[in-house]
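Bear in mind these aren't lab numbers, they're just calculated from the coordinates by the rules spelled out. Since the model is a prediction, treat every value here as computed from it, not as a measurement. Quick reminder, even Gly has a Cβ in these numbers, built from the backbone with ideal geometry, and neighbours come from all protein chains shown.
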Amino acid sequence: MKLEDPRAEEALKDAEQARERAYAPYSHFKMGAAVVTDRNAVVPGSLIENVSLGLAMCAERAALFGTVSTDAGKPEVLAIVAPRTGGELTWPCGACLQVALELGGPDLLIVASDGSQTEQARLRELAPNLPFKGER
């Protein structure tokens, strides 16, 4: 599959490395992410679990929040690498999609991979009805 954005390939590699650093002692569902910004910065994120489930943080949000805290720029590509869920590629959850929409906008390219298969979609295709006030 040809990726729409050539930077997505490198982002997938960074997401795979972030996946290796995931802290998942409860679910053992290791997941990594990487965001590429309009300044070509790459910001990784890893899943971080906690015994109190509400305190866990998805890899995607860790990476997206990192773009703000490091002033890396506006997210343009979000790559995630994770095991399959129910036999299908794992895509961002609703909370991660909402944060991605807020920070990256509806044209954000999302690339999902399990390490052997990769698919891509624009955020607006994955979540067309999320609330959005406009550009960041």
Please report, to one decimal in angstroms, the Kirkwood hydrodynamic radius of region 19-83 built from all distinct Cα-Cα pairs.
11.8 Å
Quick check on the chain: of the DSSP beta bridges with both residues there, what percent are antiparallel, nearest 5%?
75 percent
For Leu108, what residues show an amide H to amide H distance below 5 Å, using hydrogens built from the backbone and excluding near sequence neighbours?
Leu123, Arg124
Hey, fewest Cβ within 10 Å first, where do Glu60, Glu76, Glu16, Glu4 land in order?
Glu4, Glu16, Glu76, Glu60
Cut-off under 5 Å, modelled amide H: who pairs with Ala72 long-range
none
Shape call for the chain from the C-alpha gyration tensor, a ≥ b ≥ c root eigenvalues: rounded (a/c under 1.5), prolate (a/b greater than b/c) or oblate?
rounded
In order over region 7-21: 3J(HN,Hα) from phi, Karplus 6.51/-1.76/1.60, θ = phi - 60°, whole Hz, x for each Gly or Pro, gives 6, 5, 4, 5, 4, 4, 5, 5, 5, 5, 5, 5, 4, 5, 8
Per-residue [θ]222 nm for the chain (sum of -39500 (n - 2.57) over DSSP H runs n ≥ 4, rounded to 500)
-8500 deg cm²/dmol
Diffing region 96-107: the Karplus 3J(HN,Hα) column from phi (6.51, -1.76, 1.60, θ = phi - 60°), in whole Hz with x for Gly and Pro, holds 5, 5, 5, 5, 4, 5, 4, 8, x, x, x, 8
Among the lysines in the chain, how many pairs, 8 or more places apart or on different chains, have alpha carbons under 24 Å apart?
5
Relative contact order (%) - region 1-102, alpha-carbon pairs under 8 angstrom, separation at least six:
27 percent
